[in-house]
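> One structure, as structure tokens, below. Some questions next.
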Amino acid sequence: MERQALYERIKTLDWQQKLGNLASTLATISTQSTIPESDRLTSHLLREAALVIEWSAASVPQDFLWELAVMQRELMAWKKVFPVESARNLLALQARHKSDRVLQMSGLLSDGEEYYRPDGEKSKELVADR
């Protein structure tokens with residue numbers, strides 16, 4: 001999505017919806033990063049996710065700001081080096097973990113839902129909760 005159009009769409013959402021959109025973008029990165037034909041899309045989505053974090057910061061509860069800032073730096077670091085053939089699966093795994101974590105932050109992940117842990121296994125408990 002074009003940057004200005006994305007901004008116009010994101011700015012109208014409440015903070016939970018913004019994080020829900022971020023989680024969706026991260027989940028898409030997770031699925032597309034392992035497909036070499038999707039490298040351009042993945043690179044674009046890495047930047048998009050970082051922008052959504054930036055534009056969401058003012059409305060997100062302060063408790064989540066540090067974690068989102070770290071996530072944003074990691075996404076931009078990935079964008080600088082992507083594609084790296086030997087790291088595609090690592091990016092996919094990290095993006096899935098981040099998506100699950102953002103859903104948890106937003107409150108959009110209900111208690112009974114499963115997500116993927118960093119080791120790739122399904123769970124109902126996030127690693128950060130342990």
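The values are calculated or read from the model by the stated rules, or taken from the named source; none is laboratory data. Quick caveat, the model's predicted, so the values are computed rather than measured. Cβ coordinates were reconstructed from backbone atoms using ideal geometry, including for glycine residues, and neighbour counts include every protein chain displayed. Surface areas here come from the heavy atoms of the whole protein model, side chains and all, with no ligands, DNA or RNA. Shrake-Rupley method; radii C 1.70, N 1.55, O 1.52, S 1.80 Å.
> Of the residues in the range 81-96, how many are aliphatic (A, V, I, L, M) and either free of Cβ contacts under 8 Å to residues at least 40 places away in the same chain or in contact with a strand residue (DSSP E or B) (Cβ under 6 Å, 6 or more places away or on another chain) (or both)?
Result for the range 81-96: 4.
> Here is a further query. Quick check: is even one residue across the range 46-63 closer than 20 Å to L93 by Cα and without any contact (Cβ under 8 Å) to a residue 24 or more places away in the chain?
No - not one qualifying residue is present in the range 46-63.
> Can you tell me which residues in the range 1-45 are part of a loop (DSSP other than H, G, I, E, B), open to solvent by 50 Å² or more (accessible area, probe 1.4 Å) and in contact (Cβ under 8 Å) with a residue 24 or more places away in the chain?
M1, K11, D14, T34
> Determine whether the range 48-62 contains at least one residue that is among the polar types (S, T, N, Q), open to solvent by 10 Å² or more (accessible area, probe 1.4 Å), under 22 Å from Q4 (Cβ atoms) and outside any helix (DSSP H, G or I). Lay out the reasoning, then the answer.
As a first pass, look at the range 48-62 and keep what is among the polar types (S, T, N, Q): 56, 59, 62.
Now restrict to residues that are open to solvent by 10 Å² or more (accessible area, probe 1.4 Å): 59, 62.
Filter again for under 22 Å from Q4 (Cβ atoms), leaving 59.
So of that shortlist, the ones also outside any helix (DSSP H, G or I) come out as 59.
Within the range 48-62, one or more residues are among the polar types (S, T, N, Q), open to solvent by 10 Å² or more (accessible area, probe 1.4 Å), under 22 Å from Q4 (Cβ atoms) and outside any helix (DSSP H, G or I).
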